[in-house]
Amino acid sequence: MTSSEEEFKWLLQEEVHAVLRQLQDILKEASHRFALPTSGSGGAVKQENFVLSTSGTDQVKGVMTLQGDALCQADVNLKMPRNNQLLHFAFREDKQWKLQQIQDARNHVNQAIYLLMNRDANYQFKTGLEVLKLMDAVMLQLSRARNRLTTPATLTLPEIASSGLTKMFTPVLPPDILVNFYINLNKLCLTVYQLHVMQPSTTKNFKPAGGSVLHNPGAMFEFGSQRYEVSHVHKVECVVPWLNDALVFFTVSLQLCQQLKDKISIFSSYWNYRPY
């Protein structure tokens, strides 16, 4: 057996498993970030408070309580630009809002861990191709996890208006206010839209807006047989430190997978005729 073949055999039997163990450790850390269990509390997920505001303006301020993948409290103050009237609304006590992006990202991480655990230390990889297929499957789950956090949903204004989120607040949101929460990278974001009803005389210029993560003033839509135009948009956000950690873990894990793929590929000339 040549030294290169020896090296390849060692790579398949030893180094692959070392990398898989390392990946499992990193992804379990990532998974713990999403679960946020507090020590000694019977596995309950701790609540964290975040203040969402923008420097230089006090138009909108939000205080959010995040518990894992759920917003369990939200407290929003809005200063109306027209008359400086202060509006205050908060989640009803019996309500919480699931952040689907966090839930989905966690599920993809756990799927990646499951794939790795299925190839424990006793498993013998026979070919390089087998390792590549495993790495591709793990990388697919990690890319999906990352994309869920980095790519908020594009929604139309009628979708935001009909979302269950509008029913969460007390007092009930006025008809000329829309709100949306989402995750963007490592940030929890709140957008508040102020609307005005379009008069029938102006609807000849009516062009409904398509889907977007963030709509601009001037965007128009129809909802409940009424036509509206967005007059003001307020976006406030706050960094969630453990989402930042999770994104770093995804990046490091994807790099490890790619490095292992590259090492295996160097020996590709041995695959076709010499399984180990």
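Looking at the structure I just gave you, is Gln73 touching a Ser or Thr at 6+ places or on another chain (Cβ under 7 Å), surrounded by 15 or more Cβ atoms within 10 Å (Cβ to Cβ), among the polar types (S, T, N, Q) and modelled with pLDDT of 85 or more? Write out each step before concluding.
Working: touching a Ser or Thr at 6+ places or on another chain (Cβ under 7 Å): yes; surrounded by 15 or more Cβ atoms within 10 Å (Cβ to Cβ): yes; among the polar types (S, T, N, Q): yes; modelled with pLDDT of 85 or more: yes.
For Gln73, the condition - touching a Ser or Thr at 6+ places or on another chain (Cβ under 7 Å), surrounded by 15 or more Cβ atoms within 10 Å (Cβ to Cβ), among the polar types (S, T, N, Q) and modelled with pLDDT of 85 or more - is met.
Of (1) at pLDDT 95 or above; (2) open to solvent by 70 Å² or more (accessible area, probe 1.4 Å), Arg274 satisfies all except one. Which?
(1)
Which pairs have Cβ atoms under 6 Å, sit 6 or more apart or on different chains, and link a residue in the stretch 45-63 that is surrounded by 13 or more Cβ atoms within 10 Å (Cβ to Cβ) and assigned to a strand (DSSP E or B) to one that is at pLDDT 85 or above and small (Gly, Ala, Ser)?
Filtered contacts from the stretch 45-63: Val45/Gly68; Leu52/Gly62.
All but one of (1) modelled with pLDDT of 90 or more; (2) open to solvent by 30 Å² or more (accessible area, probe 1.4 Å) hold for Ile160, so report the exception by its number.
Every listed condition holds for Ile160 apart from (2).
Checking Tyr123 against (1) part of a loop (DSSP other than H, G, I, E, B); (2) open to solvent by less than 30 Å² (accessible area, probe 1.4 Å); (3) of a type in the set (Ser, Thr, Tyr): exactly one of these is not met. Which one?
For Tyr123, the failing item is (2).
Residues of the stretch 138-170 being in contact with a helix residue (DSSP H, G or I) (Cβ under 6 Å, 6 or more places away or on another chain), free of Cβ contacts under 8 Å to residues at least 60 places away in the same chain and not charged (D, E, K, R), which ones? Even if it seems obvious, please write down each step before you answer.
From the stretch 138-170, those in contact with a helix residue (DSSP H, G or I) (Cβ under 6 Å, 6 or more places away or on another chain) are 138-139, 141-142, 144-146, 148-149; that's our starting set.
Right, trim to free of Cβ contacts under 8 Å to residues at least 60 places away in the same chain and you get 141, 144, 148.
Within the stretch 138-170, Gln141 is the sole residue that qualifies.
Quick one: how many residues across the stretch 235-258 are closer than 14 Å to Leu142 by Cβ, in contact (Cβ under 8 Å) with a residue 60 or more places away in the chain and open to solvent by 60 Å² or more (accessible area, probe 1.4 Å)?
1
Quick test of your reading of the structure: Val109 fulfils all but one of (1) open to solvent by less than 10 Å² (accessible area, probe 1.4 Å); (2) modelled with pLDDT under 90. Name the failing condition by number.
The one condition Val109 does not meet is (2).
Are any of the residues in the stretch 109-127 among the aromatic types (Phe, Trp, Tyr), more than 30 Å from Gln13 (Cβ to Cβ) and out of contact with any His (no Cβ under 7 Å at 6 or more places or on another chain)? Write out each step before concluding.
Taking the stretch 109-127 as the starting set, the residues that turn out to be among the aromatic types (Phe, Trp, Tyr) are 114, 123, 125.
From what is left, the residues that are more than 30 Å from Gln13 (Cβ to Cβ) are none.
No - not one qualifying residue is present in the stretch 109-127.
Report the residue count in the stretch 94-106 for those that are outside any helix (DSSP H, G or I), open to solvent by less than 80 Å² (accessible area, probe 1.4 Å) and closer than 23 Å to Thr150 by Cα. First the steps, then the outcome.
First, pick out the residues of the stretch 94-106 that are outside any helix (DSSP H, G or I): 94-99.
If we keep only those that are open to solvent by less than 80 Å² (accessible area, probe 1.4 Å) too, we end up with 95, 97, 99.
Subsequent filtering for residues that are closer than 23 Å to Thr150 by Cα retains 97, 99.
Number satisfying all stated conditions: 2.
Quickly run through the stretch 78-93 and pick out the residues that are in contact (Cβ under 8 Å) with a residue 12 or more places away in the chain and open to solvent by 50 Å² or more (accessible area, probe 1.4 Å).
Filtering the stretch 78-93 for residues in contact (Cβ under 8 Å) with a residue 12 or more places away in the chain gives 78-81, 87-92.
Hits for the stretch 78-93 are Lys79, His88, Arg92.
Which of (1) out of contact with any His (no Cβ under 9 Å at 6 or more places or on another chain); (2) open to solvent by 70 Å² or more (accessible area, probe 1.4 Å) does Arg146 not meet, given it meets every other one?
Looking at each condition in turn, Arg146 falls short on (1).
Report whether or not Leu140 is buried (at least 18 other Cβ atoms within 10 Å of the Cβ) and within 25 Å of Phe249 (Cβ to Cβ). Walk me through how you get there before you give the answer.
On the way: buried (at least 18 other Cβ atoms within 10 Å of the Cβ): no; within 25 Å of Phe249 (Cβ to Cβ): yes.
So Leu140 fails the test.
Are there any pairs, at least 6 apart or on different chains, whose C-beta atoms fall under 9 Å, with the first in the stretch 10-36 and within 22 Å of Arg148 (Cα to Cα) and the second polar (S, T, N, Q) and open to solvent by less than 10 Å² (accessible area, probe 1.4 Å), and if so, which?
Filtered contacts from the stretch 10-36: Leu23/Ser253; Ile26/Ser253; Leu27/Ser253; Ala30/Ser253.
The values are calculated or read from the model by the stated rules, or taken from the named source; none is laboratory data. This structure is a prediction, so every number in the text was calculated from the model and none was measured. Every residue, glycine as well, gets a Cβ built from its backbone with ideal geometry; the counts of neighbours run over all protein chains shown. Protein only, heavy atoms only, side chains kept; ligands, DNA and RNA dropped before computing areas. Shrake-Rupley method; radii C 1.70, N 1.55, O 1.52, S 1.80 Å.
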